[in-house]
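S.K.: Structure below; questions to follow.
Read the figures in this text as sums done on the coordinates, not as results from a lab. Note that this is a predicted model, so its numbers are computed, not measured. No Cβ is skipped: glycine too gets one built from the backbone with ideal geometry, and neighbour counts run over all protein chains shown.
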Amino acid sequence: MDISLDIYSPVQQINNTLFIDKGLKVFIKRDDLIHPMISGNKWRKLKYVLRSARAQNKTHLVTFGGAFSNHLLATAAAAAKFGFKATGFVRGEDVQNDTLFLCKLHGMQLIYTNRDSYRDKKALFDDVFGSDENAFFIDEGGASAEGAQGCSELVNELTETYDHIFCACGTGTTAAGIINGITLNVLLTHFNAVPVFKNGEFIRDEIDRFLSVPAKYTLHTGYHFGGYAKTDPQLIQFIKQFVADTGVLIEPVYTGKMLYAIYDLAAKNHFAPGSKILAIHSGGIWGLLGMKDKFV
Ligand SMILES: *Cc1c(COP(=O)(O)O)cnc(C)c1O
């Protein structure tokens, strides 16, 4: 089967008094609507990786992730849809949760791995699947040049121009792809990455290694809320309000932090009046299931 999905990712405006007061127009690109499981940037990142697996006649996708990994789930669902077998190495001992339940439901075999051996993914792969000529290695989070290539296509879909594009940033692959797309389309749009980790400055190297040509962009490193998958009551309150106001689901690990950054920067007059800002909804809303207890 051909490895493609019809892309449905409309751009919608977010209206509220803050943006009106500051003279801003804020939009959100709904990559979360591309597919319920292979959502957002994870589809874009997998597209050329899966095509490359198919071209090499590989039938078994092997990848890696934490117990709440959106990438594991996207790979499981994409494997099922496009006729691959899938194995996921899960960081940590025998854990059960909703994400892993959905992975298994899509037929992914899970191998729980202690944190020490998890570190060397190539070694793990060679150990278990070295002699399986059908096995195809996909790095954690889908970080790869092919991943960035898929993400750059997001920019080709835009029918209007924006002063700023914002995206949440984990491995930096999505950010690099979008920056490459901005360069290719010769746009003046400024790219803004919101790292979801503490000390997010290190992500600049990760982004830069996938750039086709050097580019200027901004890292907003002050919106990690304590670190990866960490939250605080302010972030949770923001997410509740945003979802209730817009009908757009977001979650605390990625999209909640990115949107919080836009609202906070707007309130602090970071943007010139008249600016048009596009937030990328990179999907991942199943992550909410692992954080229900934060919303009480
Ligand atoms: C994985 C993920 C990201 C991070 O993408 P990178 O390419 O790793 O930077 C952002 N948002 C969501 C919802 C994700 O699932």
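S.K.: Between Leu105 and Arg209, take the C-beta separation as r, use R0 = 25 Å, and let me know the FRET efficiency to the nearest 0.05.
M.R.: 0.10
S.K.: On a full-extension model of 0.36 nm per residue, what is the gain between Lys292 and Glu133, subtracting their alpha-carbon distance, rounded to one decimal in nm?
M.R.: Between Lys292 and Glu133, full extension yields an extra 53.1 nm.
S.K.: Amide H of His224: which non-local residues (sequence gap of 5 or more, or other chain) have their own amide H closer than 5 Å, using H built in the peptide plane?
M.R.: For His224, whose amide H was placed from the backbone, there are no distant partners under 5 Å.
S.K.: Rank-order 89-99, 272-282 by packing density, defined as the average count of other C-beta atoms within 10 Å over each peptide's residues, highest first.
M.R.: Peptide ranking by packing, descending: 272-282, 89-99.
S.K.: Let me ask something else about it. Hey, with R₀ at 25 Å, roughly what FRET efficiency would Asp116 and Ser52 work out to, going by the Cβ-Cβ distance, to 0.05?
M.R.: It comes to 0.25.
S.K.: Over the stretch 41-142, what relative contact order in percent results from Cα pairs under 8 Å that are six or more residues apart?
M.R.: 36
S.K.: Show which aspartates and glutamates lie in cross-link reach of Lys292 when reach means a straight Cα distance below 12 angstrom and same-chain residues fewer than eight apart are skipped.
M.R.: Asp98, Glu251
S.K.: Suppose the chain between Thr59 and Gln241 were pulled fully straight at 0.36 nm per residue; how much longer would it get relative to their current alpha carbon spacing?
M.R.: Answer, rounded to one decimal: 61.1 nm.
S.K.: Indicate the gyration tensor shape class of the stretch 41-142 (rounded, prolate or oblate), computed on the Cα atoms with a ≥ b ≥ c the square roots of the eigenvalues: a/c under 1.5 is rounded; otherwise a/b larger than b/c is prolate and the rest oblate.
M.R.: Oblate is the answer for the stretch 41-142, as a/c is 1.5 or above yet b/c matches or exceeds a/b.
S.K.: Roughly speaking, what % of Cα-Cα pairs in the chain are separated by over 33 Å, rounded to a whole number?
M.R.: Within the chain, distances greater than 33 Å cover 20 percent of Cα pairs.
S.K.: Give the long-range amide H neighbours of Ala86: residues separated by 5 or more places, or on another chain, with amide H under 5 Å away, using H modelled in the peptide plane at 1.01 Å from N.
M.R.: The list, which skips near neighbours in sequence, is Leu61, Gln109.
S.K.: How about the stretch 201-255: which trypsin sites (Lys or Arg not before Pro) there are in a DSSP loop, with at most 14 other Cβ atoms within 10 Å of their Cβ?
M.R.: Qualifying residues, ordered by number: Arg209, Lys216.
S.K.: In addition: Treating the angle as unsigned and between 0 and 90°, give the value, to the nearest 10°, between the Cα long axis of helix 173-184 and the longest Cα principal axis of the chain.
M.R.: Between helix and principal axis, roughly 60 degrees.
S.K.: Give a quick list of chymotrypsin sites (Phe, Trp or Tyr not before Pro) in the stretch 1-62 that DSSP marks as loop, anything other than H, G, I, E or B, with at most 13 other Cβ atoms within 10 Å.
M.R.: For chymotrypsin sites (Phe, Trp or Tyr not before Pro) across the stretch 1-62 that sit outside H, G, I, E and B with at most 13 neighbouring Cβ atoms in 10 Å, the list reads Tyr8.
S.K.: Calculate the FRET efficiency for Leu249 and Thr159 from the Cβ-Cβ distance with a Förster distance of 30 Å, rounded to the nearest 0.05.
M.R.: So the FRET efficiency works out to roughly 0.80.
S.K.: To continue, here is another question. With no solvent and one equal point scatterer per Cα, compute the Debye intensity ratio I(q)/I(0) for the stretch 203-245 at 0.20, 0.23, 0.31 Å⁻¹ and report its log10, rounded to two decimals.
M.R.: The Debye formula, applied to the Cα set alone, gives -0.76, -0.83, -1.09.
S.K.: Report the GluC sites (Glu not before Pro) located in the stretch 155-243 that are in a DSSP loop and have at most 14 other Cβ atoms inside 10 Å of their Cβ, or state none.
M.R.: Glu157, Glu160
S.K.: So how far apart, in nm, are the two label points at Glu201 and Asp126 if each is 7 Å from Cα heading toward Cβ?
M.R.: 3.5
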